[in-house]
Amino acid sequence: MSSENDKNKLSNYSTETHILYGKDISNKWQYDHHVTAPITSSTTFRLDSVERGAMGFTNWVESSKHENDSDPIYIYDRLGEPNKDMLEENLAIVEKGETAVTFSSGMGAISGVLGILTKSGDEIIAHKTLYGCTISLLKNWYPRYNILVHQTDLSNLENVKSLITEKTRVIYFETPANPTLDIIDIAAMRQIADEANANRSQNDKIQIVVDNTFSTPYCQRPIEHGADFTIHSLTKGIGGFGTDIGGAVIGRMEFRDRLLLYRKDFGGILSPKNAWSILTYGLPTVALRQKKAISSAIKIAEFLEKHPKVDFVNYPGLPSYKSYNLAKKQMTNFEGEFAPGHLIYFVLKGDETNISREMGSNFMNYIAKNAYTMTLAVSLGHTRTLIEHPASMTHSVVPTDELENYGLHAGGVRIAIGLEKAEDIIKDLADSLDAI
Ligand SMILES: *Cc1c(COP(=O)(O)O)cnc(C)c1O
């Protein structure tokens, strides 16, 4: 199909439909007569001649110029293959970016984008509350490369402004943030970065990187609000069934070649089999699954908010939530309707001490033994509802008296709503809260 035809098709239909069809007929592989893309399983590719091989390498170095070639030349899986390429085309479409590059995991995607944007001597400004392994990457590894990381409360815009120096290259955050669901104003960050970038050369510009894993593209497209890059752990809401680990970076075409080069040399490629599952099962069903989970999450958040053992509830869809108005502006589905996501963070009553940390653990252990519709497990965006206690699990490395520095609470609980009937989850929550 010609690219002109493609453009018409893309503008005539809703994104909810694009999620199913993506690029419709991709030129990445000859599968004109398959309805579902075939799974590829070949580490290497036959070249018809030395000349074709040489052209493959020449094209690969400038892959961004050959995105729409009608007869792409594949060389070796680590450089690219059809299943990843097709998934990347479709991810770029739903996230409203120019291009996507997949990685072996969400952490692979985060290291990839930060890897191409920073070098020794540079600085990163990040939100104080982040996914646990992202904190570990920034705190344990980057000092070894002489990359300075400032973690601060990005909901206070003055904090960001005061930390920007000539060496700042990246502003990094999740919104909603893991696990507290802090909402960061992407458009406001764009404004701050634009002011700082006004007199900078292209390579020195500050880039805004947003981890959109918690929202999925159904609830928010950070690029629409001014982000330069969107990150996904495909393992979560996009993968959707808890069967495959993967990650992706979505951004402008000018960065595609560098991302591919980084991926080729550091080696964190997405396996074609994982790419195929996410392309075939995960991405096409993300809107359907999110809609169902959101409608349940609203009911569950309202139930928790009224419960006497719950101190407070952070859920972007609750009018009582401090960032409700910002969430309403930023978190919308493809039709512009409010889509507050499927994650809820709530804090059990009790003071911020080891007593509430212990209460959280007891609550989890009761659920692990007795609840049918909630599973004690990390991860999110699954068909099943997953619940965890950050202070004793994902963020257990943080001592109680330092939890506050990361915006965490000893009695905080994160719940990722699945596809069960909301009333059944509420029944299990009510029973488990009674038990502590
Ligand atoms: C899970 C997760 C990651 C890391 O993704 P992996 O696929 O596990 O490497 C990064 N950010 C957020 C917000 C996540 O939930």
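Against the numbered list (1) within 16 Å of the ligand (Cβ to nearest atom); (2) more than 27 Å from G407 (Cα to Cα), T216 comes up short only at (2). Is it true that some residue in the range 267-274 is hydroxyl-bearing (S, T, Y) and within 29 Å of L408 (Cβ to Cβ)? No, there is no match, as no residue in the range 267-274 is hydroxyl-bearing (S, T, Y) and within 29 Å of L408 (Cβ to Cβ). Of all residues in the range 262-300, those satisfying the criterion of being polar (S, T, N, Q) and out of contact with any Asp or Glu (no Cβ under 6 Å at 6 or more places or on another chain) are S271, T280, T285, Q290, S295, S296. When the range 174-199 is limited to residues that are assigned to a loop (DSSP other than H, G, I, E, B) and surrounded by fewer than 17 Cβ atoms within 10 Å (Cβ to Cβ), the one that is farthest from the ligand (Cβ to nearest atom) turns out to be N199.
If the condition is being assigned to a loop (DSSP other than H, G, I, E, B), acidic (D, E) and within 25 Å of the chain's Cα centre (by Cα), then the range 10-57 contributes only D24. Pairs, please: C-beta under 7 Å, at least 6 apart or cross-chain, first residue touching a residue at least 24 places away in the same chain (Cβ under 8 Å) and in the range 269-288, second buried (at least 22 other Cβ atoms within 10 Å of the Cβ) and of a type in the set (D, E)? The qualifying pairs are P272/E81. Out of E404, E337, E388, E358, one residue alone is among the acidic types (D, E) and crowded, with 19+ Cβ neighbours inside 10 Å. It is E388.
Would you check if G251 is in the same structural domain as Q202 (by TED's automatic domain parsing), modelled with pLDDT of 95 or more, crowded, with 18+ Cβ neighbours inside 10 Å and within 16 Å of the ligand (Cβ to nearest atom)? It is false that G251 is in the same structural domain as Q202 (by TED's automatic domain parsing), modelled with pLDDT of 95 or more, crowded, with 18+ Cβ neighbours inside 10 Å and within 16 Å of the ligand (Cβ to nearest atom). Taken as a whole, the structure leaves I135 outside the set of residues that are more than 15 Å from the ligand (Cβ to nearest atom) and of a type in the set (A, V, I, L, M, F, W, C). Any residue in the range 65-75 that is within 15 Å of the ligand (Cβ to nearest atom) and not acidic (D, E)? Looking for residues that are within 15 Å of the ligand (Cβ to nearest atom) and not acidic (D, E), one finds none in the range 65-75, hence no.
Being touching a residue at least 40 places away in the same chain (Cβ under 8 Å) and more than 21 Å from the chain's Cα centre (by Cα) is a description that does not apply to K205. Could you list, in sequence order, the residues of the range 360-370 that are in contact with a strand residue (DSSP E or B) (Cβ under 8 Å, 6 or more places away or on another chain) and either within 16 Å of the ligand (Cβ to nearest atom) or touching a residue at least 24 places away in the same chain (Cβ under 8 Å) (or both)? Hits for the range 360-370 are G360, F363, M364, I367. Mind checking whether some residue in the range 155-169 is under 18 Å from the mean Cα position of the chain (by Cα) and more than 12 Å from the ligand (Cβ to nearest atom)? No; the residues of the range 155-169 include none that is under 18 Å from the mean Cα position of the chain (by Cα) and more than 12 Å from the ligand (Cβ to nearest atom).
The values are calculated or read from the model by the stated rules, or taken from the named source; none is laboratory data. Because the structure is a prediction, the values reported are computed rather than measured. All Cβ positions, glycine included, derive from the backbone under ideal geometry; neighbour counts span all protein chains shown.
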